[in-house]
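Beneath this line is the structure, given in structure tokens, with notes to follow.
The values are calculated or read from the model by the stated rules, or taken from the named source; none is laboratory data. Model, not experiment: these values are computed from the prediction. A quick note on method: Cβ atoms are made from the backbone with ideal geometry, for glycine too, and the neighbour counts reach across all protein chains shown.
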Amino acid sequence: MLRNFIIMLAATGALFCWANFAAAGKTDGRLDIYWIDVEGGAATLVVTPAGESLLIDTGNPGHRDPDRIVQVAAREAGVRQLDHVIITHYHTDHFGGAATLATLMPIKHLHDNGEFEGQIERPDKAYLECKVEKRSVISPGDLVDVKQSPEGATRLEVRCLGTRQKFIAAPTDAAPTEGCAEARPKPIDTTDNTNSVVTLVTFGRFRFFDAGDLTWNLEKELACPTNRVGQVDVYQASHHGMDASNNPVLVRALRPRVAVINNGTTKGCDPNTFATLKELSSVQAIYQVHRNLRPDGTPNAPDEYIANATKDCKAAFLKLSVDPHGATYTVSVPSTGHVRTFEVKDE
């Protein structure tokens, strides 16, 4: 629908050139995060206080998911270009929408794993040749070059903590993580999930963690023997909330206050993951992009915390907004009218 609207505007001469917009979004001093419904894929949009945009993953191939991304970015966030796109790994529900998305909205800088020794899976030709202004291989410790707000404003940092099965070193003063000795491995994952980019977004004291589809055994390496991440405020459940990921030893080390699960109606938000989050004393709220509709009794968050309740949904999104001082953040579910504000943690 949005694509047809854009074509109609172009035909009437009413469409402005995307490049004429210097700022990506609203420059209101707040950090905004949107979880866009891509039916069990991943597309997390971050709009910075300076009005730049960062999209982590692009959903599935075809037009459905790119259209949804553009709709939320343009209509809700005021975004006219994607300043940065991070592709966590080479599975189609994460990179597949990029080629089409690049035809709908300018992509300034694409960050991914490139080609590397021991590469398990490769993206298709459409992705490799999609139109972007710049491509970079992202590595552990790299900072994404996001624009800062005027001097004196709260500082924003977007850092890669790990990718391609390598991670940053733990802080030298980090204490040993509890539960490492008892943490049991799972069968070795031989897919590209293991190469997922781990991203930490920090705004003042606020911290948001997104590890793509990183799986169980490698999650332990982030937490053991010492915590390489520290505590976070918001945890995007890894791998859509599947229990091949979300190792309790890592989730407990992160001690999130809010968890967000970008699941589908029959994909993700598995019972073991849900139990891990529910049992963690630090977790005050769990949000889901979709209500679980599996017939196996899989649990769900309360109705007002779920963006989409039915299979034939309207692709509703979740939104989080951090105040300009990085002291509080508000999570909203526009489709249900739910709004709740949380205090940023003092680690």
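Applying the set (1) farther than 16 Å from Val197 by Cα; (2) touching a helix residue (DSSP H, G or I) at 6+ places or on another chain (Cβ under 6 Å); (3) aliphatic (A, V, I, L, M); (4) at pLDDT below 95 to Ala153 leaves exactly one unmet item: (2). Would you confirm whether or not segment 254-264 contains a residue that is under 26 Å from Tyr90 (Cα atoms), buried (at least 20 other Cβ atoms within 10 Å of the Cβ), of a type in the set (Gly, Ala, Ser) and in contact with a Phe, Trp or Tyr (Cβ under 7 Å, 6 or more places away or on another chain)? Yes: segment 254-264 contains one or more residues that are under 26 Å from Tyr90 (Cα atoms), buried (at least 20 other Cβ atoms within 10 Å of the Cβ), of a type in the set (Gly, Ala, Ser) and in contact with a Phe, Trp or Tyr (Cβ under 7 Å, 6 or more places away or on another chain).
Test of understanding: among Ala316, Ala301, Ala307, which residue is more than 15 Å from Met242 (Cα to Cα), touching an Asp or Glu at 6+ places or on another chain (Cβ under 9 Å), part of a loop (DSSP other than H, G, I, E, B) and aliphatic (A, V, I, L, M)? Talk me through it step by step, then tell me what you get.
Working: Ala301 fails: touching an Asp or Glu at 6+ places or on another chain (Cβ under 9 Å); Ala307 fails: part of a loop (DSSP other than H, G, I, E, B).
The match here is Ala316.
In segment 240-278, the qualifying residues are those that are among the basic types (Lys, Arg) and in a loop (DSSP other than H, G, I, E, B), and the one that is nearest to Asp312 (Cα to Cα) is Lys267.
Inspect segment 213-221 for any residue being of a type in the set (Asp, Glu), part of a helix (DSSP H, G or I) and touching a residue at least 12 places away in the same chain (Cβ under 8 Å) and give the result as yes or no. First the steps, then the outcome.
Looking only at segment 213-221, we keep the residues that are of a type in the set (Asp, Glu), and these are 213, 219, 221.
Retained after the next criterion (residues that are part of a helix (DSSP H, G or I)): 219, 221.
Subsequent filtering for residues that are touching a residue at least 12 places away in the same chain (Cβ under 8 Å) retains 219, 221.
Yes, segment 213-221 contains a residue that is of a type in the set (Asp, Glu), part of a helix (DSSP H, G or I) and touching a residue at least 12 places away in the same chain (Cβ under 8 Å).
Report, by residue number, each residue of segment 82-112 that is in contact with a helix residue (DSSP H, G or I) (Cβ under 6 Å, 6 or more places away or on another chain) and farther than 17 Å from Asn60 by Cβ. The one that is in contact with a helix residue (DSSP H, G or I) (Cβ under 6 Å, 6 or more places away or on another chain) and farther than 17 Å from Asn60 by Cβ: Pro106.
Is it the case, given these coordinates, that Ala153 is over 21 Å from the mean Cα position of the chain (by Cα) and under 29 Å from Asp323 (Cβ atoms)? The answer is yes for Ala153. Taking segment 279-297 as the range and being assigned to a loop (DSSP other than H, G, I, E, B) and either under 20 Å from Thr336 (Cβ atoms) or among the aromatic types (Phe, Trp, Tyr) (or both) as the test, the residues that pass are Val283, Gln284, Arg291, Asn292, Leu293. Every listed requirement among (1) in contact with a Leu (Cβ under 9 Å, 6 or more places away or on another chain); (2) surrounded by fewer than 18 Cβ atoms within 10 Å (Cβ to Cβ); (3) farther than 17 Å from Glu219 by Cβ is met by Ile286 save one, (2). So, of the residues in segment 83-140 that are hydrophobic (A, V, I, L, M, F, W, C) and part of a strand (DSSP E or B), which turns out to be farthest from Phe209 (Cα to Cα)? The extreme case among them is Ile107.
Quick check on my filter: what residues within segment 41-79 are of a type in the set (Asp, Glu) and either free of Cβ contacts under 8 Å to residues at least 24 places away in the same chain or surrounded by fewer than 24 Cβ atoms within 10 Å (Cβ to Cβ) (or both)? Explain how you work it out, then say what you get.
Residues of segment 41-79 of a type in the set (Asp, Glu): 52, 57, 65, 67, 76.
Residues satisfying the conditions are Asp67, Glu76.
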